[in-house]
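Each remark here refers to the structure printed beneath this line.
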Amino acid sequence: MELTFDGIRLNSPFYNETHKDWKNKILRPFLDKEIIPNIDQWEKDGDIPLEYYKKAGEIGLFQLGYPEEYGGVSEGIDIFHTLITAEELARPGAGGFGAAFTVHSIALPPILNFGSDEMKKRVAPDVIKGTHHISLAITEPSGGSDVSNIKTTAKREGDHFVINGSKTFITGGLKANWFTTAVRTGGDGIGGVSLILIPADAKGVSRTSVGPKQGWLCSDTATIYFDNVKVPADQIIGKENQGFKIIVNNFNNERIGMAAAAVGYALAAFEEAASWAKLRKTFGKNLSQHQVIQHKFAEMYRRINSTAAYLEICAWNIQNGSSEAADISLLKVQATKMLELVAREAMQIMGGISYIRECKTERIYREVRVMAIGGGSEEIMMDLAARRMGL
Ligand SMILES: Cc1cc2nc3c(=O)[nH]c(=O)nc-3n(C[C@H](O)[C@H](O)[C@H](O)COP(=O)(O)OP(=O)(O)OC[C@H]3O[C@@H](n4cnc5c(N)ncnc54)[C@H](O)[C@@H]3O)c2cc1C
């Protein structure tokens, strides 16, 4: 067995030639040439230059799975292309890169599924090309777990909504041209929540960076302020006061993507630790020949591949219309706990070198917490699953 990113993955019946071609002939060469050589610099700069989004658009990264009429590619594309993309984008081991290049996948689907034709035509083609950017703005300074309790208001005045409030921790928020935003249009609770599209250049919108972060360094994370922002009433996504369901369903996509990314980071950490352990000598033999270290690899392998199998079955069920939200929630918990263990053990295997910034696993270790908190924290995921079990 080759102890590499691809080598330790089990054969899976879900991937065919189109998935393999997308990964090996298009995506991986693009990452190897354009992304990986630049990652360390982008992490130091805290940003990825805009030209790289355009380059990613040119290879079709943002098109995948979106309708052809808006410039997407949907024929022959299924959920496993999405999984393989999320896993591969994690291979450079920089969560900020993956977050920055996939944020459209959580902000655009509500528009394509529930927006007006005018909205779709105005927004989707440029996002899919990679020339314009869109972010999802749900979390507020008062909290992100309890979406039913959001405070940002959108009050109807004639044929407009006037929006007041703020959002925080918004991925790509400094670059975004639009925000797919959760607002309160009605009374308390889930029945008063709507989604609305807010242009970033609308009068009364301002934004700032949240400040230095533990990880996701090359992706910007912003706080957005809405001060009497006027948006035409037809910019509501879906029906007024019925946004909560759209948000919750959208979270399922995000969680599957994060689980696939967690598998990718874990594979990258495993590969780096394995190549180190085979060369490094301690007590007269290779590190990889010590039984304690071998057991760490066996444990990582077991957790990575069992998580990947759970991921693939959940994805297959989504594709076949029989998905269960409890499983998607528990899958996310499984994936981030697996990543936590793998990042830890890979660092232990590499010892001091793993503490140095140029080591990929050092960065992956710093990406663990945001994976376990963002997009639905472990506690909230367990709670949701337990409620679905009807205990
Ligand atoms: C780098 C980064 C990028 C992000 N990107 C986005 C984005 O693009 N768009 C967006 O909208 N949001 C984004 N988020 C926000 C993220 O989704 C929230 O941080 C997350 O949902 C948790 O919300 P919170 O931080 O407000 O924690 P809180 O809701 O305040 O919760 C704090 C802690 O308490 C726990 N907790 C809360 N309630 C309970 C309970 N009932 N029982 C047990 N435990 C509980 C939670 O699990 C959490 O660990 C991002 C966050 C980060 C760090």
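Since every read-out is calculated from the coordinates, none of them should be taken as a lab result. These numbers were taken from a predicted model, which means no experiment stands behind them. Cβ: placed from backbone, ideal geometry, glycine included. Neighbour counts: every protein chain shown.
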Efficiency of FRET from Cβ geometry, Ser148 and Asp32, R₀ 51 Å, rounded to 0.05: 0.70
Nearest-0.05 FRET efficiency for Ala309 and Lys281, computed from C-beta distance (R0 35 Å): 0.50
Interchain or long-range residues, amide H under 5 Å from Arg207's placed H: Tyr225
Global size of region 245-388 as Cα Rg and Dmax, reported in angstrom: 16.9, 60
Projected area averaged over orientations for region 324-391, convex hull of C-alpha atoms, nm²: 4.8 nm²
Calculated [θ] (222 nm, deg cm²/dmol) that DSSP helices of n ≥ 4 give over the chain, each run adding -39,500 (n - 2.57): -15000 deg cm²/dmol
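Exceeding 31 Å between C-alpha atoms, which entries from my cross-link table qualify? They are Lys44/Lys332; Lys230/Lys337; Lys23/Lys245; Lys203/Lys332; Lys120/Lys175; Lys120/Lys337.
Numbers: Lys44/Lys332 29 Å; Lys230/Lys337 43 Å; Lys23/Lys245 33 Å; Lys203/Lys332 38 Å; Lys120/Lys175 20 Å; Lys120/Lys337 37 Å.
Beyond 31 Å between Cα atoms: Lys230/Lys337; Lys23/Lys245; Lys203/Lys332; Lys120/Lys337.
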Folded to 0 to 90 degrees: helix 79-89 orientation relative to the chain principal axis, Cα: 60 degrees
Size descriptor, Kirkwood hydrodynamic radius, that averages inverse alpha-carbon separations across region 46-132, Å: 13.4 Å
Average Cα contact separation per residue, the chain, under 8 Å, 6 or more apart, as relative contact order %: 18 percent
Highest average packing first - 4-16, 303-315, Cβ atoms within 10 Å: 303-315, 4-16
Proximal lysines to Lys285, defined as alpha-carbon separation beneath 23 angstrom and excluding residues fewer than eight positions away on the same chain: Lys296
Inter-probe distance in nm under a simple model that places probes 7 Å from Cα toward Cβ, at Arg302 and Lys337: 1.4 nm
Compactness of the chain - radius of gyration and Dmax, Cα, Å: 21.2, 80
Phi to ³J(HN,Hα) by Karplus 6.51 cos²θ - 1.76 cosθ + 1.60 over region 123-140, Hz, x for Gly, Pro: 9, 4, x, 6, 5, 5, 6, x, 8, 10, 10, 9, 10, 9, 10, 10, 5, 10
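Can you give the relative contact order of region 134-242 as a percent, counting alpha carbon pairs under 8 Å and 6+ residues apart?
Numbers: 268 pairs, mean separation 34.7, N = 109.
Computed value for region 134-242: 32 percent relative contact order.
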Computed Rg/Rh of region 1-160, alpha carbon atoms with Kirkwood Rh: 1.02
R0 of 25 Å, Cβ-Cβ distance Asn317-Asp188: FRET efficiency to nearest 0.05: 0.15
GNM flexibility winner over the chain from His19, His104, His160 (Cα, springs under 10 Å): His160
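What order do you get for 41-48, 127-134 when each peptide is scored by the mean count of other beta carbon atoms within 10 Å, highest first? Don't skip to the end; give the middle numbers.
On the way: 41-48: 16.6, 127-134: 21.2.
Top to bottom by mean Cβ count within 10 Å: 127-134, 41-48.
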